[in-house]
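Below you'll find the structure I mean.
The values are calculated or read from the model by the stated rules, or taken from the named source; none is laboratory data. Predicted model only: the values in this text are computed from it and were never measured. Please note: Cβ atoms are built from the backbone with ideal geometry, for glycine as well, and neighbour counts cover all protein chains shown.
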């Protein structure tokens, strides 16, 4: 009777009859498979149970974190503390900016040995994959600036890490069932020298910090309380089974380019690897923003905005933004709740002019919906440009949105982040990356 009545309703309404979606009945009134879910397997979820202290605290060195094969590991976050003498300053994103390179190694196959990202790429991925401007603001204004103008302070910050199983949002990456592995995952972070991020109050020459006073990594973890549902158990019984985890492979590409503000510059992006290219992120920083070892220059590490951007493949336009407003609009259209630019802050003692600065991450999407790709694990089929050369024409304006003057006639370091669809695949405890 219900099917007959539904047929009568549909035949009398052309919109409903032609609708491409799934036909459902009173979904706002009754719970049914179309509008409700139940996860029947009991789980133990913990935060911070896995705490790994760094084996090195010195700036300019590397910290290694060994993650044992036991639980589902999801979001990972890093906490650091630095003792700062009087007159030492740093921006609100100082801990993110301290990362020079991050790499990971998963046991079993050389394709996931020492996969690495430059620190700028890691920062840009974090900023691009946070759900909305409000969350990003709370995440990094919670850190706030380092301001030791009045007296010595201990700076403290906590940041998320971007890894195949870790993203700023829970929906952004599947957790990794490490019980399928035969040995530890190794995450290694190379730190910049302190003067690249910390600087002195204008007119002062303080001793800049050279090491963390505390540094550790923590994780969101999940254990299945009924072992019958564990994929590792099934794989031990049937070695032919494969455990696959959709994720993204991200690679960095850096170019040093002399820039005249207000003029276009073309950069060739060469040696692209094979793989479905989801998006290209781009940010830049001039040489003079990178700090000096003397510590008495108010270095302010932030990324200027772009006022023109065109990405070409064999003469075909893949992306075109012809003004700052247009680029910002494109970014906002690709992301609910804000855009990809964010505010970095320094203390009021470092500059006479207003100290909020807009750091800019330009996302050039090559999928229909970049937001669902980065925040909801939604793979979309797109072409590979492996072996090709992409041409990127870009312009940095003379003046930023807060009235700051960008250096001209200076070398800028452009960091490009290529994001590819990929699968982490484990079979018989051998892990590989499929792109």
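Residues that are under 13 Å from the mean Cα position of the chain (by Cα), at least 1 per element: which strands (runs of 3 or more DSSP E) completely within the stretch 36-145 meet that?
Filter on the stretch 36-145 gives 72-84, 99-105, 115-118.
Taking residue 207, is it in a loop (DSSP other than H, G, I, E, B) and assigned by TED's automatic domain parsing to the domain that holds residue 50?
The answer is yes for residue 207.
Is the stretch 93-101 home to any residue that is out of contact with any strand residue (DSSP E or B) (no Cβ under 7 Å at 6 or more places or on another chain) and surrounded by fewer than 22 Cβ atoms within 10 Å (Cβ to Cβ)?
So far as the stretch 93-101 goes, no, none of its residues is out of contact with any strand residue (DSSP E or B) (no Cβ under 7 Å at 6 or more places or on another chain) and surrounded by fewer than 22 Cβ atoms within 10 Å (Cβ to Cβ).
Counting residues that are at pLDDT 85 or above, under 26 Å from residue 96 (Cα atoms) and assigned by TED's automatic domain parsing to the domain that holds residue 199, which strands (runs of 3 or more DSSP E) fully inside the stretch 343-435 reach at least 3?
So the answer is 362-365, 410-427.
Can I ask one more? Is it true that some residue in the stretch 98-107 is out of contact with any helix residue (DSSP H, G or I) (no Cβ under 9 Å at 6 or more places or on another chain), touching a residue at least 60 places away in the same chain (Cβ under 8 Å), assigned by TED's automatic domain parsing to the domain that holds residue 165 and over 27 Å from residue 253 (Cβ atoms)?
Step one: of the stretch 98-107, the residues out of contact with any helix residue (DSSP H, G or I) (no Cβ under 9 Å at 6 or more places or on another chain) are 103, 107.
Subsequent filtering for residues that are touching a residue at least 60 places away in the same chain (Cβ under 8 Å) retains 103, 107.
If we keep only those that are assigned by TED's automatic domain parsing to the domain that holds residue 165 as well, we get 103, 107.
Cutting the leftovers down to over 27 Å from residue 253 (Cβ atoms) gives us 107.
Yes: one or more hits.
Residue check: is residue 211 touching a strand residue (DSSP E or B) at 6+ places or on another chain (Cβ under 9 Å), surrounded by fewer than 19 Cβ atoms within 10 Å (Cβ to Cβ), over 30 Å from residue 323 (Cβ atoms) and at pLDDT 95 or above?
So residue 211 passes the test.
Another question, then. So which of 222, 201 ends up being over 18 Å from residue 175 (Cα atoms), surrounded by 14 or more Cβ atoms within 10 Å (Cβ to Cβ) and touching a residue at least 40 places away in the same chain (Cβ under 8 Å)?
Only one candidate passes the filter, namely 201.
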